[in-house]
Amino acid sequence: MLTSLFTILIVAAAYLVMINRVHVALPAVTDEMRLLADGDGAVSALALQGSQTQLGSVQVTEHDLMDVLGQDVMVDWYKLAQVADRERKLYLNDFGIFDSGLGQNAHQDHFFETLETLQTKGTTLDGIGIRSRIAADAPPSEALQTLDRFSTLGLPIESTELSINFEDRQLQADYLRGFMTALLSHPNVEGVMLWGFWSGRHWRPDAALWARDWTKRPIGQAFPDLLDTTWTTKASSLTADANGQAQVRGFLGAYDVTVTTPDGRTMTAMAGLTADGATVNVVVGAAVRAPTSGGALAAMGASEVEEGAGTR
């Protein structure tokens, strides 16, 4: 549904932890190599900043360490990461899930089975990252089938490294709108991350929102248009009923609610709309109170928010 929780991050670099792309002839297992997958050194190395960490990536094609240490070593990595920081969210991320014709394939099957294995062997897996490097013009709606499949694992999904690599600029912008709308419509998608935004620092320069000379491409306009216009609720001229109530359905997120009385007095409250809905009570003319600490509401005036009480 379109009012599902949806967050968007833009980063030019990818991840905090990556154990992949080891293209060397590895010797037999040694104590030193075992130390890479166990011990205090590994725990200390994971004491990183941020709230989410990718631990393991593209293990379908980059599996040299696991060939030597055993396939279950990935289970050890996740358990060590949990010891290092129990508050950190751990994701497994892979490519070829959306961008290989957007249909089910052997690469996708392997990724799904790996996620299942991690879950059955007791790891703390908090989410699934699906690299969204799109180079084919398959209908964006086909991605919903993939999202449905991975949602059966019971984990939130993030679309990572989104890059629409089309030379046709208008088609590129149109595809971004369609693909991101498909993501937003799925209740299990919690975020999308762009690979980058400037052609001068992008692994696929044609996929960037801005050209190397900083000329904004159509896709560079389509992206903020979705966030600031299409997916932003701006309701004005609402009139309260006889009970002093007005109701509006909107996208999830932060809202400024301004009430104006017939005699011109106004009061503004800031409130957060969640999937459970929210009720904002605004009393015009009351004394100003400080924002509630740690809550979703930062109020000016006598206003309150009740979550789960409908969308108002």
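The values are calculated or read from the model by the stated rules, or taken from the named source; none is laboratory data. None of the values given here were measured: they were computed from a predicted structure. FYI the Cβ positions are ideal-geometry reconstructions off the backbone, even for glycines, and counts take in every protein chain you see. Heads up: the accessible areas ignore ligands, DNA and RNA and are worked out on the full protein's heavy atoms, side chains in. Shrake-Rupley method; radii C 1.70, N 1.55, O 1.52, S 1.80 Å.
Tell me which residues, restricted to segment 152-199, are assigned to a helix (DSSP H, G or I) and more than 16 Å from I219 (Cα to Cα).
Of segment 152-199, the ones assigned to a helix (DSSP H, G or I) are 169-185, 199.
Once the filter is applied, which keeps residues that are assigned to a helix (DSSP H, G or I) and more than 16 Å from I219 (Cα to Cα), segment 152-199 yields A182, L183, L184, S185.
Restricting attention to segment 91-105, which residues are crowded, with 18+ Cβ neighbours inside 10 Å and at pLDDT below 85? Step through it out loud before you land on a result.
Initial filter on segment 91-105 (crowded, with 18+ Cβ neighbours inside 10 Å): 91-99, 102.
Residues satisfying the conditions are G96, F98, D99, L102.
Pick from segment 209-240 the residues that are of a type in the set (D, E) and assigned to a helix (DSSP H, G or I): which of them is most open to solvent (accessible area, probe 1.4 Å)? This residue is D228. Tell me which of these V192 doesn't satisfy, since it passes every other one: (1) open to solvent by 50 Å² or more (accessible area, probe 1.4 Å); (2) touching an Asp or Glu at 6+ places or on another chain (Cβ under 8 Å); (3) not small (G, A, S). All conditions are met except number (1).
Kindly establish whether T279 is over 24 Å from the mean Cα position of the chain (by Cα), exposed (fewer than 15 other Cβ atoms within 10 Å of the Cβ) and modelled with pLDDT of 50 or more. When the stated conditions are applied, T279 does not pass them.
Need the failing condition index for L184 against (1) in contact (Cβ under 8 Å) with a residue 24 or more places away in the chain; (2) closer than 17 Å to A135 by Cα, just the number. Tallying (1) in contact (Cβ under 8 Å) with a residue 24 or more places away in the chain; (2) closer than 17 Å to A135 by Cα, L184 fails exactly one: (2). Total residues in segment 67-85 satisfying the condition of being modelled with pLDDT of 70 or more and open to solvent by 60 Å² or more (accessible area, probe 1.4 Å): the figure is 4. On the stretch given as segment 203-224, residues that are without any contact (Cβ under 8 Å) to a residue 40 or more places away in the chain and not hydrophobic (A, V, I, L, M, F, W, C) total 7. Restricting attention to segment 122-139 and to residues that are in contact with a Lys or Arg (Cβ under 9 Å, 6 or more places away or on another chain) and not in a strand (DSSP E or B), the residue that is surrounded by the most Cβ atoms within 10 Å (Cβ to Cβ) turns out to be T123. Only one of the numbered conditions (1) open to solvent by 50 Å² or more (accessible area, probe 1.4 Å); (2) in contact with a Phe, Trp or Tyr (Cβ under 9 Å, 6 or more places away or on another chain); (3) over 30 Å from L144 (Cβ atoms) is violated by D206, and that is (3).
Taking segment 199-217 as the range and being under 18 Å from Y175 (Cβ atoms) and of a type outside the set (A, V, I, L, M, F, W, C) as the test, the residues that pass are S199, H202, R204, P205, D206, K216, R217. Filtering Q108, Q170 for residues that are closer than 30 Å to A208 by Cβ, over 16 Å from the mean Cα position of the chain (by Cα), surrounded by fewer than 14 Cβ atoms within 10 Å (Cβ to Cβ) and modelled with pLDDT of 85 or more leaves a single hit, Q170. Only one entry of T260, T274 meets the criterion of being open to solvent by 80 Å² or more (accessible area, probe 1.4 Å), out of contact with any helix residue (DSSP H, G or I) (no Cβ under 6 Å at 6 or more places or on another chain), of a type in the set (V, I, T) and modelled with pLDDT of 50 or more, and that entry is T260.
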